[in-house]
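Since the structure comes first, as structure tokens, the remarks are kept for the end.
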Amino acid sequence: MRDLPADDSWIADRRRAVGAAIRAERLRQKLTQDDIWITSGLSRGTVQRVEAGEDATLSTLLRIAQALGVPLRDLV
């Protein structure tokens with residue numbers, strides 16, 4: 001089993017990386033944030049916050065992955 005770093009800064013870094021992956025996939029598909037929030041049933045603000053690297057639930061990430069048509073593992 002791996003030891004965790006002494007502080008939690010790695011978590012924020014990883015959230016930002018997930019948000020960047022979601023944004024990159026959305027842009028690759030030439031989709032807008034509006035396309036994602038409408039398709040996923042999430043609010044516009046939620047999609048914006050996830051792409052900005054803020055905390056997201058598993059359900060939210062699954063909805064975004066489904067809206068993008070990619071497996072969640074490709075985004076995380």
Meets criteria (open to solvent by less than 60 Å² (accessible area, probe 1.4 Å) and not β-branched (Val, Ile, Thr)) for residue 54: no
Taking the stated definitions as given, is residue 73 of a type in the set (Lys, Arg), on the phi < 0 side of the Ramachandran plot and open to solvent by 90 Å² or more (accessible area, probe 1.4 Å)? yes
Of all residues in region 7-16, count the ones that are acidic (Asp, Glu) and either under 14 Å from the mean Cα position of the chain (by Cα) or surrounded by 11 or more Cβ atoms within 10 Å (Cβ to Cβ) (or both). 1
From the option list 41, 19, single residue qualifying as exposed (fewer than 14 other Cβ atoms within 10 Å of the Cβ) and in contact with a helix residue (DSSP H, G or I) (Cβ under 7 Å, 6 or more places away or on another chain) is 41
Residues in region 23-68 that are free of Cβ contacts under 8 Å to residues at least 12 places away in the same chain and of a type in the set (Gly, Ala, Ser) total 5
So, in region 22-33, of the ones that are under 16 Å from the mean Cα position of the chain (by Cα) and more than 15 Å from residue 52 (Cα to Cα), which residue ends up surrounded by the fewest Cβ atoms within 10 Å (Cβ to Cβ)? 28
Given the conditions (1) over 10 Å from the mean Cα position of the chain (by Cα); (2) aliphatic (A, V, I, L, M); (3) closer than 16 Å to residue 69 by Cβ, and given that residue 4 satisfies all but one, which numbered condition is not satisfied? (3)
For the condition part of a loop (DSSP other than H, G, I, E, B), hydrophobic (A, V, I, L, M, F, W, C) and at pLDDT 95 or above, what is the one hit in 70, 18? 70
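The values are calculated or read from the model by the stated rules, or taken from the named source; none is laboratory data. As the structure is a computational prediction, the values presented were derived from the model and not from experiment. When we count neighbours, we look across all protein chains shown, and the Cβ atoms used for this are built from the backbone with ideal geometry, even at glycine. Note: accessible area is taken over every heavy atom of the protein model, side chains too, but ligands, DNA and RNA are not part of it. Shrake-Rupley method; radii C 1.70, N 1.55, O 1.52, S 1.80 Å.
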